[in-house]
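S.K.: Handing you a structure now.
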Amino acid sequence: MMDEEIKTKPRIPDVFNGKTVLITGGNGFLGKVLLEKLLRSCPGISRIIVLLNNAYEMEVFEKKRKRLLENSVFDRLKKECPSMFCKLHFVAGNVTVSNLGLNSDDLAKVLEDVSFVFHCAASVRFEDKPRTTMVINVVGVDCVAKLCLNMRNLEALVHVSTAYSFCHHPIISEDVCLEKLPICVMQDFKNMDDDRIEWICNSYRKNRPSNYQYSKALAETLIVKEYSNKLPIIIVRPGIITAAVKEPFPGWIDNYNGPSGFIAMSVKGVLKTLLVGDGVYADWIPVDVVANTLIAAAYFLLTQKSSFCFGPSNVPVVNCVCPETKRINWNEVVRICLPILDKYPSATPFLTPGGVVTTSKTVHEICKYTLHFFPAAAYDVYRLIFRVKSPGMIGAYRRIHGAISHLQLYTTRRFYFTSKNLDTMNENMHPDDKEVFFIDQEKIDWNQYLEDYVHGVRLFYLKESDDNLPLALQKLARRRLTFFCLKTIPFGVLFIYILKKLRKSQVATNILSVLLSLNLPYIGKLVNKMPNAC
C-alpha cells in the first residue's frame, strides 16, 4: 500500500472511538498490559468490560478488582490520565460456562454494547492437570465464541493462541492445521472424567511436549471448523512472552513464567546451570509488542482484512514472533546477562549470580548436583542445626528442576516461523500508529532490553527497590569473598601437605605455582569489586 494511501486510512484509536471492549484474562500478565494500553492510547473508547473469573462472592470480587487496579502496570496511567479508570467495568463470570456465567444485567450489556472481544484467558502452566488445561483452553474458547454469536454489534474477536500450537511441524506457518479430534469431543471435555481426558491427550497430541500446545491447537481447530464463517475472528500467536520493552515501563514484569523465572532465579543466585541447544534461538516477544499486535490485529481485521494472507483454514493467523534477522540465541543472551546480574543483585540471595550454560546433558546433570543439590543440602543441614525458620532448599530445587524440564523445549530446539501477516500489518500501519502501537522488533536493542529485563525482574517482580542496591552490591562482594575463602582453604591445606611431604623440591614449587595461578586472576577481579564492601 502506498504511503499516501496509508495516511488517508483511519488510525487505530479511531476505530475504538465510542466502542465497548470485552477482555477475558484481564488480570493476567498480557491482559493487564492490553488493558492499560487501550485506556492510555485509545482515549475515545467508551468502556472496557473486564471479566473477573470465579469472582461471584462480593468479597472475592472486590479483592480481585482492587488487586488489579493497584498493580504497578497502571502507575503511568494514574499519572498521565487518571480519568480513564472510570471507563472500566468489572463483571464476575467464568469462561468455561454458558454465557460466561454472567448475570442477567451484565449479559444484556455485553450482548448489546460490545464491539471488540479480546480472549486472553488461558491456562499457561505446563504442569496443570489435563482437565484444567483442556477445559479452560478449549471449552473456554467455545463458550466465548458462542457468546459472540449473539452480540449485536461485534466487529472483531481476537483469540490469543501460541506460536507453538503446531511446534511438531518443521515450519510453523500462519495457518491452522486441523486436528483430527471431533468437535463434539472438544466441546465435551468438561463432562469427561480425568482418565478419559488424559488418554485423549496422550493418544492425540503427537510430538508436542505438553498438553498446553495441544490444547491451543484444538482451540484453533474449533474456531476454524465451527466459527470461521459465523464470526469476524483472527488468531494471534505470540512466541515466549517476556518483559516490556517500552510500556508501561521498560522491563515491566509481574510473573515468573518462562525466561522471567530463569532471570529471577539467577538474580537470587539459585539457578546455576542451564541446558541449551547449539545455536538455538530465544524466541522472545516483549509483552507490550504482543498487546500492540492484538490491538492492531483487531484494527486490520476490521479495515484491511484483504491484506492478510489466508491459508486453507480461511481464518487470518498472525505469528507474533521475532523476525529472523533480529533473533538472538541463548548463548548470546547469557553472555549479555552475566555482567548485568552482577549490576543488579538481590539483597537476599541464596548463592552468587552466575553459573554454567552448556549444550551437554551430562555436564548439565553434573552441575545440577554440584551447583544446586550440594549447596542446598549444606544449607538444609545448617538450617536444621541452628533451627533457622526458612523453606528447605532441596525441595525447592526439585520443584525448580521440574519446572525447568518443561521449558527445555524452548532452550534446546530451534523453531522456524513464517510471519508475513505481522510484516504486512507493520508495513500498512499509519506512521503515527507505528510509534504508538509499535510492533516492529527490528528496532529492539537486545543489550539495553536485557538490562531493563534483569532490572525489571528485580524491581517489579522481586519487589526489591533500587534504594537497597548499594547494600545488595556490598552483600554480593562479601559473599564472593566468603566463597573465595571456602575455595582457597582446601588449597591451603594441600599446599602445607605438599610442602611437608616434598620439602623444598622443585616439584613442590611447580605444583604450588600452578595452584596459585588458578586463583590469582580471581583474586584480582575480587579486589576490583571490593571498595564498596569495606
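S.K.: Nearest 10 degrees is fine. How inclined is helix 211-222 to the longest principal axis of the chain, computing both from alpha carbons?
M.R.: That helix lies at roughly 20 degrees to the long axis.
S.K.: Return one number: the angle in degrees, 0 to 90 and rounded to the nearest 10, between the long axis of the Cα atoms of helix 506-528 and the longest principal axis of the Cα atoms of the chain.
M.R.: Taking the Cα atoms of the chain, the angle to 506-528 is about 40 degrees.
S.K.: Same structure, new question: Stokes-Einstein at 25 °C, 0.890 mPa s, Kirkwood radius from Cα pairs: D for region 404-455 in µm² s⁻¹?
M.R.: 176
S.K.: For the chain, what size does the Cα cloud have along each of its three principal axes, sorted from largest down, in whole Å?
M.R.: Result, largest extent first: 94, 52, 51 Å.
S.K.: Also, quick follow-up: Calculate the spin-label point distance for K463 paired with R478, positioning each point 7 Å from the Cα along the beta-carbon direction, and give it in nanometres.
M.R.: 2.4
S.K.: Let me have the relative contact order for region 88-179, percent, based on Cα pairs under 8 Å that are six or more residues apart.
M.R.: 34
S.K.: So what are region 157-239's ellipsoid semi-axes, whole angstrom, largest first, if each one is the square root of 5 times an eigenvalue of the alpha-carbon gyration tensor?
M.R.: Semi-axes, largest first: 21, 17, 10 Å.
S.K.: A follow-up question, please. Over the alpha-carbon set of region 233-341, divide Rg by the Kirkwood Rh and report the Rg/Rh ratio to two decimals.
M.R.: Rounded to two decimals, Rg/Rh equals 1.05.
S.K.: Out of residues 5 or more away from N319 or on other chains, whose amide H comes under 5 Å of its own, with H placed 1.01 Å from N in the peptide plane?
M.R.: Residues meeting the criterion, in which the H sits 1.01 Å from N, are R237, N421, L422.
S.K.: Return the long-range amide H neighbours of G277 (sequence gap of 5 or more, or a different chain), with a cut-off of under 5 Å between placed amide H atoms.
M.R.: T412, R413
S.K.: Ok, one more. Under the Karplus relation 6.51 cos²θ - 1.76 cosθ + 1.60, θ = phi - 60°, what is the ordered set of whole-Hz ³J(HN,Hα) values for region 75-88, x standing for Gly and Pro?
M.R.: 4, 5, 4, 5, 7, 8, 8, x, 5, 5, 5, 5, 8, 7
S.K.: Quick query: amide H of M429 versus all other amide H atoms, modeled in the peptide plane; which residues come in under 5 Å with a sequence gap of 5 or more or a different chain?
M.R.: none
S.K.: Same structure again: Pull out the extension gain between E324 and F61, defined as 0.36 nm times the separation in residues minus the alpha carbon to alpha carbon distance; nm, one decimal.
M.R.: 90.3 nm is the gain from fully extending E324 to F61.
S.K.: Would you mind getting me the FRET efficiency between E80 and K9? Use the beta-carbon distance for r and R0 = 25 Å, nearest 0.05.
M.R.: With a Förster radius of 25 Å, E is 0.40.
S.K.: Give me a comma-separated list of calculated 3J(HN,Hα) values for region 333-348, in order, Karplus coefficients 6.51, -1.76, 1.60 applied at θ = phi - 60°, integers in Hz, x for any Gly or Pro.
M.R.: Each residue of region 333-348 in turn: 4, 5, 4, 6, 6, 4, x, 5, 4, 5, 7, 10, x, 7, 7, 10 Hz.
S.K.: Continuing with the same structure: Residues in region 98-133 near a label at H406, defined as backbone nitrogen under 12 Å from the 7 Å Cα→Cβ point?
M.R.: Residues 123-130, 132-133 fall inside that zone.
S.K.: Okay, moving on. Measuring from label point to label point, each 7 Å out along Cα→Cβ, what is the N207 to T362 span in nm?
M.R.: Once both label points are built, they end up 2.6 nm from each other.
S.K.: So if R0 is 56 Å, what FRET efficiency would Y416 and H89 give, r being the distance between their Cβ atoms, rounded to the nearest 0.05?
M.R.: Using R0 = 56 Å, I get an efficiency of 0.85.
S.K.: Place a point 7 Å from the Cα of I183 along the Cα-to-Cβ direction; which residues of region 223-238 have their backbone N under 11 Å from it?
M.R.: 223-230
S.K.: Would you kindly derive the ³J(HN,Hα) couplings of region 20-26 from the backbone phi angles with the Karplus curve 6.51 cos²θ - 1.76 cosθ + 1.60 (θ = phi - 60°), listing them in order in whole Hz, with x for Gly and Pro?
M.R.: Coupling constants for region 20-26: 10, 10, 10, 10, 9, x, x Hz.
S.K.: With label points built 7 Å along Cα→Cβ from the Cα atoms of N71 and K225, find their separation and express it in nm.
M.R.: 3.3
S.K.: Would you mind checking the tilt of helix 469-502 against the longest principal axis of the Cα atoms of the chain, expressed as 0 to 90 degrees and rounded to 10?
M.R.: With both axes taken from Cα atoms, the answer is about 40 degrees.
S.K.: Starting from the Kirkwood Rh over alpha-carbon pairs, what translational D in µm² s⁻¹ does region 391-491 have by Stokes-Einstein at 37 °C and 0.692 mPa s?
M.R.: The Stokes-Einstein estimate is 173 µm²/s.
No lab work stands behind these numbers, since they all come straight from the coordinates. Note that the structure is a prediction, hence the values are computed from the model and not measured. Virtual Cβ from ideal backbone geometry, glycine too; neighbours counted across all protein chains shown.
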